[in-house]
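See structure below.
Quick note: the coordinates plus some simple rules give every number you see, no bench work behind them. Quick caveat, the model's predicted, so the values are computed rather than measured. Ideal geometry is used to build each Cβ from the backbone, glycine not excepted, and the neighbour counts take in all protein chains shown.
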Amino acid sequence: MSNLDTKPRASVAGGLRDVSPAPAHQLLPGRPVTLGESTVVRRLLPTLGRRMVGAWCFIDHYGPDEIAGAPGMQVAPHPHIGLQTVSWLLAGEVLHRDSLGSVATLRPGQLGLMTAGAGIAHSEQSAPDHSPLLHGAQLWVALPAPSREADPRFALHPELPVIDDGPLHATVVLGDLAGARSPGTTHSPLIGADVSLAAGAKAEVPLEPEFEHATLVATGTVEVDGDTLSPGALLYLGCGRSRLALHAGPSDARLLLFGGEPFEERIVMWWNFVAGSGEEIAAARERWAGGDFGPVAGYAGESVPAPPLPPGTLKPRGRER
Ligand code: MN
């Protein structure tokens with residue numbers, strides 16, 4: 001998934017200023033964003049008032065969408081640096097291709113983890129014979145300084161640990177939860193989990209108190225920390241919680257949990273790039289415009305052009321929005 005805004009704004013993220021060291025309760029409504037030809041996503045991070053939760057720096061939730069007879073997701077090749085993309089499907093599938101030559105069909109319960117490091121390009125599409133329903137989340141994790149220079153990699157993890165502990169049913173997408181660890185490589189301490197709740201069920205999720213956390217409901221409604229959450233918003237929970245009590249509404253529900261050690265380093269985010277400075281962002285833009293990321297083999301069509309840089313230098317300090 002991509003930020004396909006043709007006039008993207010630069011923002012500074014990271015640092016501890018926005019981190020709540022104590023439990024917090026901040027409901028952040030998402031906004032609809034059109035992606036590619038036909039997909040509308042709910043963008044939940046970055047949002048007004050919050051840019052990161054741990055190293056998580058981008059959360060799009062899309063669907064469930066009926067796409068029978070329609071193109072579905074069609075995101076043309078675009079570049080990334082300085083981040084990992086985490087592709088998580090709840091229904092349907094997405095065909096991933098990248099400039100390393102990877103071709104993978106991502107399906108529910110599987111983790112597609114692309115580590116951009118110094119640079120990679122990819123496309124994401126519904127295949128011509130796609131399923132009638134598409135539902136998922138596209139997530140980015142910011143890389144800390146040393147890992148931003150690493151070689152790009154793509155991994156498809158078809159098997160993830162599933163916690164089945166009384167009323168708690170969860171898949172560990174990334175990081176550790178309740179003693180289970182995802183095979184996905186991480187570069188800072190974090191958690192990403194998909195929790196399933198039967199209608200009316202109550203469950204408690206153990207949390208790492210040193211982490212800040214946030215959650216979204218993907219399906220149904222769930223009472224979390226005194227609020228009834230439904231799809232379309234992100235609830236920021238701050239740090240200092242050792243557990244999270246959940247109570248599903250009258251239908252089966254799915255909830256995605258994100259958390260991580262507060263990301264101390266200040267970073268610059270622009271378009272599909274995360275970097276330590278505006279100069280690195282500008283250099284990556286030039287590389288993409290010059291074709292230096294390499295082709296995404298097998299993709300029929302044009303790549304996403306590099307939008308113009310905003311005027312002025314992108315500094316990891318200064319302008320906040
Ligand atoms: Mn992308």
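Annotations for the structure displayed:
- The residues neighbouring Gly192, those whose beta-carbon lies less than 15 Å from its own, together hold a net charge of -4 under the Lys/Arg +1, Asp/Glu -1 convention.
- Full extension of the segment from Thr34 to Asp176, taken as 0.36 nm per residue of separation minus the current Cα-Cα distance, would add 47.8 nm.
- Three-way shape call for the stretch 117-190 based on the alpha-carbon gyration tensor, with the a/c threshold at 1.5: oblate
- Whole-number percent relative contact order across the stretch 1-57, with pairs defined as alpha carbons under 8 Å at least 6 apart: 29
- Distance between the modelled labels on Glu159 and Arg17, one decimal in nanometres: 4.7 nm (7 Å Cα→Cβ projection).
- Fraction of alpha-carbon pairs over 37 Å apart in the chain - percent: 11
- Using R0 = 30 Å, the C-beta based FRET efficiency linking Glu302 and Ala150 works out to 0.55.
- Bins of 10 Å, starting at 0 and running to the largest distance - Cα pair percent for the stretch 83-131: 26, 56, 17, 1
- All distinct Cα pairs of the stretch 177-244 go into the 1/r average, and the inverse of that average, the Kirkwood radius, is 13.3 Å.
- When both the stretch 1-55 and the stretch 117-183 are represented by their alpha-carbon centers, they are found 18 Å apart.
- Per residue, the average separation of C-alpha pairs within less than 8 Å and at least 6 apart gives the stretch 267-319 a relative contact order of 42 percent.
- Shape category assigned to the stretch 147-205 from the gyration tensor of Cα positions, a/c cut at 1.5: prolate
- Using distinct alpha-carbon pairs, which all enter the 1/r mean, Kirkwood radius of the stretch 136-263 in Å: 15.2
- A Förster radius of 30 Å combined with the Cβ-Cβ distance from Ala289 to Ala68 puts the calculated FRET efficiency at roughly 0.20.
- Sparse packing (at most 11 other Cβ atoms within 10 Å of the Cβ) combined with a DSSP loop state is found for none of the chymotrypsin sites (Phe, Trp or Tyr not before Pro) in the stretch 164-258.
- The P(r) of the stretch 1-103 has a tail past 20 Å containing 48 percent of all C-alpha pairs.
- Between Arg9 and Lys315, residue separation times 0.36 nm minus the direct Cα-Cα distance comes to 108.9 nm.
- Taking N as its residue count, the alpha carbon Rg of the stretch 1-43 over 2.2 N^0.38 Å: 1.58
- Normalised Debye scattering of the stretch 234-321 at q = 0.17, 0.23 Å⁻¹ gives log10 I(q)/I(0) of -0.88, -1.16, counting only Cα atoms as equal scatterers and leaving out solvent.
- Mean separation of Cα contacts under 8 Å (6+ apart) over length of the stretch 228-321, as relative contact order %: 25
- The fraction of all Cα pairs in the stretch 42-185 landing in successive 10 Å bins from 0 to the largest distance is 11, 38, 38, 12, 1, given as whole percents.
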